[in-house]
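Nothing in this text is a laboratory measurement; each read-out follows from the coordinates by a stated rule. Quantities reported herein were computed from a predicted structural model and do not represent experimental measurements. Every residue, glycine as well, gets a Cβ built from its backbone with ideal geometry; the counts of neighbours run over all protein chains shown.
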Amino acid sequence: MQNQDFESWVTVFEASNIDEANIVKGMLEASDIPVFLEREAVGAIYRLSVGPLSEVAVKVPKNNAARASQLLQSTHFGVMPEE
């Protein structure tokens, strides 16, 4: 991917860990939506898989946000679990 202005990208999903983020990323990329994963450096360095430092923001370009959100809502990723 060439140098892009990631500041204009928006978060469409907050994954609890890198594995979940990669699943969402693959699904969005399969629909031709570019994806950037943003996470805390400390979490990546220590390979944390639980807790706030393991969370990963799944970001897409602003012009793809509505389509990405629609795709996520059509899967279990967009559904809040019942308590």
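If you count, for each residue, the other Cβ atoms within 10 Å and average over each peptide, how do 61-73, 14-26 line up from highest to lowest? Walk me through the numbers before you get to the answer.
Working: 61-73: 15.1, 14-26: 16.6.
So the peptides 61-73, 14-26, ranked by packing, come out 14-26, 61-73.
Please report the net charge: other residues with Cβ closer than 10 Å to the Cβ of residue 20, K and R +1, D and E -1. Net local charge, residue 20 excluded: -2.
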